[in-house]
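Take a look at the structure below.
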Amino acid sequence: MNRYLLPLSVLGTAVGGAVLLRDYIAGGACPSKATIPGKTVIVTGANTGIGKQTALELARRGGNIILACRDMEKCEAAAKEIRGETLNHRVSAWHLDLASLKSIREFAAKIIEEEEQVHILVNNAAVMRCPHWTTKDGFEMQFGVNHLGHFLLTNLLLDKLKASAPSRIINLSSLAHVAGHIDFDDLNWEKRKYDTKAAYCQSKLAVILFTKELSRRLQGTGVTVNALHPGVARTELGRHTGMHSSAFSSFTLGPIFWLLVKSPQLAAQPSTYLAVAEELEGVSGKYFDGLKEKAPAPEAEDEEE
């Protein structure tokens with residue numbers, strides 16, 4: 001029996017060290033213990049992945065959580081699961097299709113009519129590397145959902161957010177914005193050959209540009225807006241990349257992905273931090289890489305852009 005003790009001890013130490021290293025690389029948990037009892041929170045794309053985990057974290061902290069999703073069956077199931085896990089019964093499922101301006105207007109009108117206040121808006125939903133699809137209004141899908149849909153939603157809810165101040169808007173961008181470029185002559189990829197990666201990067205750069213300009217316009221209102229890169233997470237967002245369909249890539253890159261790719265729970269920590277941290281009261285127009293403020297790409301700071 002003794003001859004197994006050393007190998008087992010070494011193995012245990014190696015596994016434990018690997019887990020600690022992964023957690024360190026992933027950025028760790030939200031350092032703030034702040035609670036948000038009575039505050040109304042909207043999280044888009046909250047039926048799965050980072051959005052669902054963000055909604056769960058904020059429900060644990062006592063918020064009145066509205067899950068805004070396109071697929072109502074999944075949304076209702078997520079809301080039920082979050083209510084059961086947190087024992088917070090103020091978690092509801094609302095329909096919102098960010099690929100439809102009509103749906104966005106209907107959702108916003110319902111919020112304005114039925115909710116007294118909105119304190120936190122988490123613009124989380126996204127599509128990534130999808131084929132050359134268009135929204136119901138004819139916009140290139142990634143730009144339409146990731147940026148334009150949230151742009152319209154945020155602007156329609158601004159008066160409600162101002163009336164509820166202090167309030168916060170959190171926009172999920174991506175590290176991919178550094179490779180982004182806004183082509184103002186062809187935002188919808190009608191003139192060029194469609195590039196799924198470049199289209200995604202453009203949409204995420206637009207999110208930071210929007211954050212910067214909105215912050216400037218909201219000065220003195222008590223409403224803050226910040227953008228963040230949550231990290232690369234194991235979510236359904238990557239379903240169009242083809243990465244999971246290859247047995248070879250799964251086998252060879254599996255250990256690297258295990259180390260570098262976050263769980264949805266860890267990837268939700270930056271959104272949670274920006275939503276609740278007392279030390280971020282009044283902080284606006286910033287870009288966060290995980291839990292740390294960081295300078296975005298130069299094009300994201302271009303005033304003219």
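The values are calculated or read from the model by the stated rules, or taken from the named source; none is laboratory data. What you see is a predicted model; the values in this text were computed from it and never measured. Virtual Cβ from ideal backbone geometry, glycine too; neighbours counted across all protein chains shown. What goes into the accessible areas is simple: the full protein's heavy atoms, side chains included, and nothing from ligands, DNA or RNA. Shrake-Rupley method; radii C 1.70, N 1.55, O 1.52, S 1.80 Å.
Can you tell me how many residues within segment 173-222 are over 13 Å from residue 305 (Cβ atoms), part of a loop (DSSP other than H, G, I, E, B) and not hydrophobic (A, V, I, L, M, F, W, C)?
Total satisfying the criteria: 15.
Checking the condition over 27 Å from residue 36 (Cα atoms) and either over 14 Å from the mean Cα position of the chain (by Cα) or part of a helix (DSSP H, G or I) (or both), which residue from 148, 156, 161, 152 passes?
After applying the criteria, what remains is 148.
Which numbered condition in (1) more than 23 Å from residue 57 (Cα to Cα); (2) touching a helix residue (DSSP H, G or I) at 6+ places or on another chain (Cβ under 8 Å); (3) open to solvent by 10 Å² or more (accessible area, probe 1.4 Å) is the only one that residue 303 fails?
For residue 303, the exception is condition (2).
Please enumerate the residues belonging to segment 53-68 that are open to solvent by 10 Å² or more (accessible area, probe 1.4 Å) and in a loop (DSSP other than H, G, I, E, B).
Within segment 53-68, 61, 62 meet the criteria.
Residues that are polar (S, T, N, Q), surrounded by 15 or more Cβ atoms within 10 Å (Cβ to Cβ) and within 17 Å of residue 188 (Cα to Cα): does segment 79-100 have at least one?
Within segment 79-100 (the criterion being polar (S, T, N, Q), surrounded by 15 or more Cβ atoms within 10 Å (Cβ to Cβ) and within 17 Å of residue 188 (Cα to Cα)), the answer is yes, since at least one residue qualifies.
One line per residue, one yes/no per condition, for (1) over 17 Å from residue 132 (Cα atoms); (2) open to solvent by less than 40 Å² (accessible area, probe 1.4 Å); (3) in contact with a Cys (Cβ under 7 Å, 6 or more places away or on another chain):
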residue: 180; (1), (2), (3): yes, yes, yes
residue: 185; (1), (2), (3): yes, no, no
residue: 201; (1), (2), (3): no, yes, no
residue: 205; (1), (2), (3): yes, yes, no
residue: 209; (1), (2), (3): yes, yes, no
residue: 213; (1), (2), (3): yes, no, no
residue: 217; (1), (2), (3): yes, no, no
residue: 227; (1), (2), (3): yes, yes, no
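Would you point out which residue out of 16, 28, 12 is at pLDDT below 95, part of a loop (DSSP other than H, G, I, E, B), open to solvent by less than 70 Å² (accessible area, probe 1.4 Å) and more than 18 Å from residue 171 (Cα to Cα)?
From the options 16, 28, 12, the qualifying one is 28.
Which of the residues that make up segment 117-152 are modelled with pLDDT of 95 or more, touching a Lys or Arg at 6+ places or on another chain (Cβ under 9 Å) and open to solvent by 10 Å² or more (accessible area, probe 1.4 Å)?
117, 119, 125, 126, 128, 136, 137, 147, 152 - these are the residues of segment 117-152 that are modelled with pLDDT of 95 or more, touching a Lys or Arg at 6+ places or on another chain (Cβ under 9 Å) and open to solvent by 10 Å² or more (accessible area, probe 1.4 Å).
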